[in-house]
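Just below is one structure, and these are the notes that go with it.
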Amino acid sequence: MHSTSTIEISRSALRHNVRFLQSFLHPGVRISSVVKANAYGHGIDPFVGIAEECGIDHFSVFSLDEAYQVKKALKNHAEIMVMGWSNPKDIDWAVENGIELYVFENEILETALTAAKKSGKNAVIHLEIETGMNRTGLVDKDLRKAVAKIKANKEYFRVKGLCTHYSGAESISNYHRIQHQIRRFRQKQRLLLKAGILPEQFHTACSAASIAYPGTQMDMVRIGILQYGLWPSPETFIHFTHQQNDRTDPLKRVLSWKSSIMSIKEVKEGEFVSYGTNYLAKTDMLVAIIPTGYSHGYSRSLSNQGRVLIKGQRAGIIGLVNMNMMIADITGIDDVKIGDEVVFIGKQGDRVISVSSFTEFSDQLNYELLARLPQNIPRKIVD
Ligand SMILES: *Cc1c(COP(=O)(O)O)cnc(C)c1O
């Protein structure tokens, strides 16, 4: 059965972005591809497959159920790391399958130890340190407990990483807070080494930190938004292109979102369009009905604001975005027929609708818009 809209994922765009990442990361820095939230809406299954083709061999997710999805999607033997919540009920599975776990509470360490004893495999762990974000992360007293527990059960643990997360590296307004976090992290590194624990790698940087604070790249970077072809913030884009002395965007968007026209109608001057009195036709018009609405992830806040591409031209959304439909003004666009392609995000002819133009109207973060794209829209890999 065909869906009312499709999300396309570009293999060549991803290949381009991965090369770009490799071009500015310090030599030897490993990329962990962050694919939480259904690979930022791109779809874990197709995205992981093409990322592996591009040479990615480490993936990061938020939770164990996502790790399970990534594991199913893998064609090779990439490693998987859970940066967030590991449900204790699933830790046996995680340890059995070598899934790497963030430890930010000693309970996780305890459960992982039990699982390791049961399965005969090491629990692979990353100690997450509280450095100033005050979200998840071990504070000193808990870190000391964790160290004692690990030393007493050395044969059951593989301490793969020591890590933290910055509290907003995409904005210069957080500069001092980030610097403070970097210093704290260095202190904890020394503390751990003194205690006789040597993690295999240190990792702290997300996309924005990798660019704005290159010293945070360390052994591995956890890259989400950049690999999808988008910037963490306009500020990060300006920072990067200014440094390079070149204003062209080095990234390519991986995702496009498309539908097609289901009905076309003439509307007479003075008539209202869609529910209520939100849109009044000021002249005779031609409108196209499109089978996508807020239940499909097209925000209602784009009512009377959004733009779509039809026949290579921009068409405005008129009236309220409904649950399953929206209406576009196609007055003056020649030759439009039922079944013609409608682009919400992406290219058609010479025109482009970017995620950022979308998010400016709807006051969402690009992260949020992507992450909210419904899982049930089919994803299709294109070149
Ligand atoms: C989401 C996330 C990242 C990736 O962030 P981007 O800004 O998309 O690169 C890195 N680390 C952690 C802990 C995260 O939660």
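The values are calculated or read from the model by the stated rules, or taken from the named source; none is laboratory data. The shown structure was predicted, so the numbers you read here are calculated from the model rather than taken from an experiment. FYI the Cβ positions are ideal-geometry reconstructions off the backbone, even for glycines, and counts take in every protein chain you see. Side chains included, ligands, DNA and RNA excluded: accessible areas come from the protein's heavy atoms. Shrake-Rupley method; radii C 1.70, N 1.55, O 1.52, S 1.80 Å.
So Ile261 passes all but one of these: (1) touching a Leu at 6+ places or on another chain (Cβ under 6 Å); (2) over 30 Å from Arg15 (Cβ atoms); (3) of a type in the set (Val, Ile, Thr). Which condition number does it fail? For Ile261, the exception is condition (1).
Which of (1) modelled with pLDDT under 95; (2) of a type outside the set (Ser, Thr, Tyr); (3) in contact with an Asp or Glu (Cβ under 7 Å, 6 or more places away or on another chain) does His77 not meet, given it meets every other one? Here His77 meets the rest and fails (3). Checked against the criterion of being open to solvent by less than 40 Å² (accessible area, probe 1.4 Å), within 19 Å of the chain's Cα centre (by Cα) and not acidic (Asp, Glu), the range 193-201 contains not a single residue that satisfies it.
Remark: pairs (first residue in the range 98-109, in the same structural domain as His77 (by TED's automatic domain parsing) and closer than 16 Å to Phe62 by Cα; second residue part of a loop (DSSP other than H, G, I, E, B) and small (Gly, Ala, Ser); Cβ separation under 7 Å; 6+ apart in sequence or on different chains) = Leu101/Ser86; Tyr102/Gly84; Phe104/Gly137; Ile108/Ser86. Restricting the first member to the range 142-168 and to residues that are small (Gly, Ala, Ser) and part of a helix (DSSP H, G or I), and the second to residues that are at pLDDT 95 or above and within 16 Å of the ligand (Cβ to nearest atom), the beta-carbon pairs closer than 7 Å and six or more apart or on different chains are Ala146/Val103; Ala146/Leu127; Ala146/Leu138.
Scanning the range 280-296 for residues being open to solvent by 50 Å² or more (accessible area, probe 1.4 Å) and within 29 Å of Pro374 (Cβ to Cβ) gives a total of 2. Need the failing condition index for His165 against (1) touching a helix residue (DSSP H, G or I) at 6+ places or on another chain (Cβ under 7 Å); (2) open to solvent by less than 90 Å² (accessible area, probe 1.4 Å), just the number. Tallying (1) touching a helix residue (DSSP H, G or I) at 6+ places or on another chain (Cβ under 7 Å); (2) open to solvent by less than 90 Å² (accessible area, probe 1.4 Å), His165 fails exactly one: (1). If you go through the range 22-71 and keep only what is within 15 Å of the chain's Cα centre (by Cα) and at positive phi, you end up with Ala37, Asn38, Ala39, Tyr40, Gly41, Gly43. At least 3 residues being out of contact with any helix residue (DSSP H, G or I) (no Cβ under 9 Å at 6 or more places or on another chain) is the threshold, and among the helices (runs of 4 or more DSSP H) wholly inside the range 1-77 those reaching it are 11-24. All conditions in (1) without any contact (Cβ under 8 Å) to a residue 24 or more places away in the chain; (2) more than 19 Å from Ala205 (Cβ to Cβ); (3) away from the ligand (no atom under 13 Å from the Cβ) hold for Gln22, with the sole exception of (2). Regarding Glu266, is this residue assigned to a strand (DSSP E or B) and among the acidic types (Asp, Glu)? Criteria met by Glu266.
With Gln217, Gln179, Gln187, Gln201 as the choices, which residue is within 13 Å of the ligand (Cβ to nearest atom), of a type in the set (S, T, N, Q) and assigned by TED's automatic domain parsing to the domain that holds Ile129?
Gln217
Scanning the range 220-248 for residues that are touching a Pro at 6+ places or on another chain (Cβ under 9 Å) and within 11 Å of the ligand (Cβ to nearest atom) returns Gly224, Ile225, Leu226.
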